[in-house]
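Q: Here it is, the structure, as structure tokens.
The values are calculated or read from the model by the stated rules, or taken from the named source; none is laboratory data. Because the structure is predicted, anything quoted here is derived from the model rather than measured. Counting neighbours? That spans all protein chains shown, and the Cβs are built from the backbone with ideal geometry, glycine included.
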Amino acid sequence: MGVYYNGSALVETAGGAGIMEDVVIVGGGPAGILLAHQFREHGIPHKVLERGKVGQSWRDMRPGMVLLSPGVPGTDWTSLTLQRPIWAFPGVRRPFPTREDFLCYVDAFARDQHVEVTERTEVTGARPTPEGFTVTVAGGDEIHCRFLVIATGSNSKPHYPEVPGVAGNPFVFHSGDFLNCMAYDGKRVLVIGGGNSAAELCIQLAGTALTTMCTRNPLRYFSDSAELDDIRGSSESVLKELFRFRILSLREADPVVSLSGGTAAFASGEREAFDWIVCATGYRPRWIPIGGGTVDTGEKGYPRISPVGESSVPGLYFCGSLAMFHRRCAFIHGFRNYVEKVFWDIADRL
Ligand SMILES: Cc1cc2nc3c(=O)[nH]c(=O)nc-3n(C[C@H](O)[C@H](O)[C@H](O)COP(=O)(O)OP(=O)(O)OC[C@H]3O[C@@H](n4cnc5c(N)ncnc54)[C@H](O)[C@@H]3O)c2cc1C
């Protein structure tokens, strides 16, 4: 039995020995850090559990990658708070910071704001208890808390097109596993996808590999549509020029309908052989298993949440890019304002 103070009395926990934490946050990415900063500023005890190091998702991304979000005075889509902006750091690339700039910034933010993160601690699951939740970490240790916030991001489950011949094909890999173009010199590479990841990958490969981009629909550019999912940032003009010079090939609105080894069959009826096929087809949301109850999901498999981020399981909140308060929440400038809503709701209930 464990014992905790619930604000008016000492309560015994049924979940076994151990201290009852007020709040556990799973994930030490931008959203988890920002939420922990709010709790710290208000003196509310909390614990952040991170499977790797602070900002691990960004550490796992391609070195040298340039962000799509500008980070300059007036148009700052990158900073966690506008009071502590990324552009105030010396040497940050403008207007679009690099992955390395962003990582340094997140590290510095956590350090300067005294955000404590328990690193190298992977959460494997959680279950509701009468007092809140019991969280299990790899190795089997358990942590008890009253409120649980999942901030594990929306890029943990690579998505592949549902096309015969993709699953288990050794010629196929996901764009998240691409590091640099050196291994593809002179190779025939098919990039499936028409979004920003596909565009960035094609630009990386251009001139090194014989690269073909293949899209389901006509290509769409941010300068025409103002849609954040369309090709934007530094990619737009470079990509257009590479198609014009025929350094890149394009199969526009001619999707792959099946694969047989490295040979792709397209909707147009044509077939072509490739050495590698890269799926730049995004990610799907996934989070830790919640025992003893399912979390209701909505559009595209994201958890259904209240206007303050609480899920269908009472006391279980989602935060950051997993919490689709709004479509823009896939990006930092979209979710950073919503983190405060999660914070205030939990703070009011403690
Ligand atoms: C290639 C690419 C480029 C992008 N470019 C931009 C951009 O330019 N601008 C922008 O705003 N957004 C961009 N994004 C989206 C970006 O991922 C989000 O904006 C942001 O990182 C989301 O923050 P988050 O804290 O919600 O999730 P994440 O950054 O994914 O952080 C989640 C954290 O949870 C940890 N974690 C996961 N599972 C567990 C577990 N079981 N136990 C413990 N810890 C766990 C992870 O290690 C990670 O540190 C990009 C995404 C990708 C894939």
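Q: Is at least one residue of the stretch 262-275 in contact (Cβ under 8 Å) with a residue 40 or more places away in the chain, under 15 Å from L148 (Cβ atoms) and either in contact with a helix residue (DSSP H, G or I) (Cβ under 6 Å, 6 or more places away or on another chain) or part of a loop (DSSP other than H, G, I, E, B) (or both)?
A: Within the stretch 262-275 (the criterion being in contact (Cβ under 8 Å) with a residue 40 or more places away in the chain, under 15 Å from L148 (Cβ atoms) and either in contact with a helix residue (DSSP H, G or I) (Cβ under 6 Å, 6 or more places away or on another chain) or part of a loop (DSSP other than H, G, I, E, B) (or both)), the answer is no, since none of the residues qualifies.
Q: Counting just the residues of the stretch 60-82 that are within 21 Å of L35 (Cα to Cα) and more than 8 Å from the ligand (Cβ to nearest atom), which one comes out surrounded by the most Cβ atoms within 10 Å (Cβ to Cβ)?
A: That would be G71.
Q: Something else about it: Here is a list: T98, T118. Which entry is under 22 Å from D60 (Cβ atoms), surrounded by 15 or more Cβ atoms within 10 Å (Cβ to Cβ) and in contact (Cβ under 8 Å) with a residue 24 or more places away in the chain?
A: From the options T98, T118, the qualifying one is T98.
Q: Test R220 against the stated conditions and say whether it is on the phi < 0 side of the Ramachandran plot, of a type in the set (D, E, K, R) and in contact with a Cys (Cβ under 8 Å, 6 or more places away or on another chain).
A: When the stated conditions are applied, R220 does not pass them.
Let's see how each residue does on (1) in contact with a Ser or Thr (Cβ under 9 Å, 6 or more places away or on another chain); (2) at pLDDT below 95:
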position: S234; (1), (2): no, yes
position: S260; (1), (2): no, no
position: I288; (1), (2): yes, no
position: V313; (1), (2): yes, no
position: L316; (1), (2): no, no
position: H326; (1), (2): no, yes
position: Y338; (1), (2): no, no
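Q: Residue by residue through the stretch 30-45, note down the ones that are within 15 Å of the ligand (Cβ to nearest atom) and either surrounded by fewer than 24 Cβ atoms within 10 Å (Cβ to Cβ) or among the acidic types (D, E) (or both).
A: Listed by number, the residues that qualify are H37, Q38.
Q: Quick one: in the stretch 278-315, which of the residues that are part of a strand (DSSP E or B) and under 15 Å from the mean Cα position of the chain (by Cα) is nearest to P255 (Cα to Cα)?
A: Among residues in the stretch 278-315 that are part of a strand (DSSP E or B) and under 15 Å from the mean Cα position of the chain (by Cα), the one nearest to P255 (Cα to Cα) is Y283.
Q: Considering only residues of the stretch 164-213 that are crowded, with 18+ Cβ neighbours inside 10 Å, of a type in the set (V, I, T) and over 24 Å from the mean Cα position of the chain (by Cα), which is farthest from the ligand (Cβ to nearest atom)?
A: T212
Q: Just one of the numbered conditions (1) free of Cβ contacts under 8 Å to residues at least 60 places away in the same chain; (2) more than 10 Å from the ligand (Cβ to nearest atom) is not true of Q56; which one?
A: Answer for Q56: the failing condition is (2).
Q: Please go through the stretch 166-210 and give me each residue that is among the charged types (D, E, K, R) and over 15 Å from I277 (Cβ atoms), ordered by number.
A: D185, E200
Matching residues to (1) among the acidic types (D, E); (2) under 27 Å from G194 (Cβ atoms); (3) within 9 Å of the ligand (Cβ to nearest atom):
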site	(1), (2), (3)
G282	no, yes, yes
I290	no, no, no
D296	yes, no, no
Y302	no, yes, no
E310	yes, no, no
L316	no, no, no
S321	no, yes, yes
G334	no, yes, yes
Y338	no, no, no
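Q: Oh, and also: So which of G293, G298, G315 is surrounded by 14 or more Cβ atoms within 10 Å (Cβ to Cβ) and more than 29 Å from T212 (Cβ to Cβ)?
A: G315
Q: Here's something else I'd like to know. Determine, yes or no, whether R232 is assigned by TED's automatic domain parsing to the domain that holds L210 and surrounded by fewer than 16 Cβ atoms within 10 Å (Cβ to Cβ).
A: Criteria not met by R232.
Q: Conditions: (1) over 30 Å from A126 (Cα atoms); (2) near the ligand (Cβ under 8 Å from one of its atoms). W87 meets all but one. Number of the miss?
A: (2)
Q: Now, a different point. Scan the stretch 173-188 residue by residue and report those that are more than 18 Å from Q56 (Cα to Cα), in contact with a Leu (Cβ under 9 Å, 6 or more places away or on another chain) and not aromatic (F, W, Y).
A: C181, G186, K187, R188
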